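Working notes, structure below.
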Amino acid sequence: MEFLGKIDSVLGKYSRNQIRFISLGILIGVIFLDYATGVELSVSIFYLIPIAISTWYGGRRAGILFSLLSIISFFSVDIPERTYNSSIVLYWNLTTWIVFFLITEELINEIKIRLDNANYLSKLDSLTGLYNERGFTEQARKLFRLSVRHKRPISLAYLDLDNFKLVNDLQGHSEGDKVLQIVGERLLASVRVTDVVGRLGGDEFVVLLPETNEVGAETLFNTLWRNLVQEIQEHDWPVTVSIGVVSFDSPAMKLEEAIKLADILMYRVKKGGKNGILFETFPKKMSEVPSEPLSFSGADFPDLH
C-alpha cells in the first residue's frame, strides 16, 4: 500500500493529457516486451497497467480508449505467432479479452467514482452542507497560495452566533440545528461560486473570498449581516452575530495565521458588546486600526422591523 501511495502521489500531479501520454508510453513498452518474449511467455497481464492508469487518472473515456488499444496491440503481437485450428477459437479469444479488458476498466472506474464521492462527503458538514474544517482548510489553502503567488487581494471572515446556547436550552436542539442550517444557507446564498464557506464546528463559520479587498468584503458582510438579522427576527431566536473580517492586499502569511487574526477580531466584537462587525486590512498602518468594533442595533436598520 505504501508503494501504491507513492505512485499515486506522483501520478496525481499530472493533467489528464499528460496521463494519456504516460499511459501510451507504458503501452508501447508492454508491446515491445510482449513481442520480445514471444508466445511461450505471456505478459498479457501487463496490458492492464496502462488501462488502470488511464482510467484512474484520466477518466472513463481514456480507460475505454486504452482498453481497445491494448486489445488491438495484444492480438497484433499474438496472432501472427500462433496457429489456430479454427477461426472460432480466434474469435472466442478475441471476445474474451475484449470483455476482460472492458470489465476491468469499468470496475476501476466505479471504484474511483465511489472513492471520490466518499472523499468529497468526508469534507462536508452533514448538518449544513457546508465544508467542514478539513474540507474548508483544503480548499482555502489552494486559494490562499494562489493569492500569495500572484499577489492578489483576498479576504477571510470568522462568524460566531452570540448566545447560541440559549436556543438549545430554551427551544431544543432541533431548533438549534435549524438556526445553523439557515445561517449556512444564507452564507451560501450571499457568496460567489468561487468563494469557500465552512463550518468549523458548533456555531462558528468561516468564509474565504478570493480576489476581494476590504471594500468588497465590507459590502458583502454588511449585507449578509442585515439578512441574518432579518432572519433571526422573523424566527424570534435569542441570538446575534459577531463577525471578524481580515483583508489582504497581498497575503504575507499562512492561512492558519489569517484565520487566527479573523478569530481575534471576532472576539474583539464580542468584548465590545457583540452583534457587530470588525474589519481590518493587512498590511495596515497602526493609525488606521479602529479601537472599537462596528456594533449595530435594530435602530440602525429600521426597515427590518
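Once phi is turned into θ = phi - 60°, what whole-Hz ³J(HN,Hα) does the Karplus curve with 6.51, -1.76 and 1.60 give for every residue of region 110-117, x standing for Gly and Pro?
In residue order, the calculated couplings are 5, 4, 4, 4, 5, 5, 5, 5 Hz.
Order these by the 10 Å Cβ neighbour count, fewest first: Ser15, Ser70. Kindly include the intermediate steps, with their values, before the conclusion.
On the way: Ser15 10, Ser70 27.
Ordered by Cβ neighbours within 10 Å, fewest first: Ser15, Ser70.
Once amide H atoms are placed 1.01 Å from N in the peptide plane, what residues at a sequence separation of 5 or more from Leu200, or on another chain, have their amide H within under 5 Å of its amide H?
Answer set, sorted by chain and number: Phe205, Val206.
Test of the criteria: in region 40-130, which trypsin sites (Lys or Arg not before Pro) are in a DSSP loop and have at most 13 other Cβ atoms within 10 angstrom of their Cβ?
Values: sites: Arg60, Arg61, Arg82, Lys112, Arg114, Lys123; in loops: Arg82, Lys123.
Answer by residue number: Arg82.
Evaluate the charge dipole of the chain about its Cα centre and quote only its size in Debye, nearest 20, assuming +1 on the Cβ of each Lys and Arg and -1 on the Cβ of each Asp and Glu.
Details: 31 positive and 37 negative charges, 192 e Å.
Computed charge dipole of the chain: roughly 920 debye.
In whole Hz and in residue order, list the ³J(HN,Hα) couplings for region 70-76 that follow from phi through the Karplus curve 6.51 cos²θ - 1.76 cosθ + 1.60, θ = phi - 60°; x for Gly and Pro.
3J(HN,Hα) across region 70-76, in whole Hz: 5, 4, 4, 5, 4, 7, 5.
Tell me the mean residue ellipticity at 222 nm calculated for the chain from its helices only (DSSP H runs of n ≥ 4, each -39500 (n - 2.57), averaged over every residue, nearest 500). Before the final figure, lay out the partial values.
Values: 10 runs with 180 residues, N = 305.
My calculation for the chain gives -20000 deg cm²/dmol from helical runs alone.
Whole-Hz Karplus ³J(HN,Hα) for region 91-104, in order, using 6.51 cos²θ - 1.76 cosθ + 1.60 and θ = phi - 60°, x for Gly and Pro?
Coupling constants for region 91-104: 5, 5, 4, 4, 5, 4, 6, 4, 5, 4, 5, 5, 5, 4 Hz.
For region 70-157, which chymotrypsin sites (Phe, Trp or Tyr not before Pro) are in a loop by DSSP, counting at most 12 other Cβ atoms within 10 Å? Don't jump to the answer; show the numbers that get you there.
Numbers: sites: Phe74, Phe75, Tyr84, Tyr91, Trp92, Trp97, Phe100, Phe101, Tyr120, Tyr131, Phe136, Phe144; in loops: Tyr84.
Passing sites in region 70-157 are Tyr84.
Using Cβ counts within 10 Å as a stand-in for footprinting exposure, how do Val193, Val99, Val239 rank, fewest first?
Values: Val193 5, Val99 11, Val239 21.
The order, fewest Cβ neighbours first, is Val193, Val99, Val239.
Identify all aspartates and glutamates with a Cα-Cα distance to Lys112 below 15 Å; exclude those on the same chain that are fewer than 8 residues away in sequence.
Asp8
Considering only DSSP beta bridges where both residues belong to the chain, give the percentage that are antiparallel (nearest 5). Intermediate results must be reported in sequence, preceding the final value.
Working: 24 of 32 bridges.
About 75 percent, rounded to the nearest 5.
Taken together, the values in this text are just the output of simple stated rules run on the coordinates, not laboratory data. Source: prediction; values computed, not measured. Positions of Cβ are generated from backbone atoms using ideal geometry, with glycine treated the same way; all protein chains shown enter the neighbour counts.
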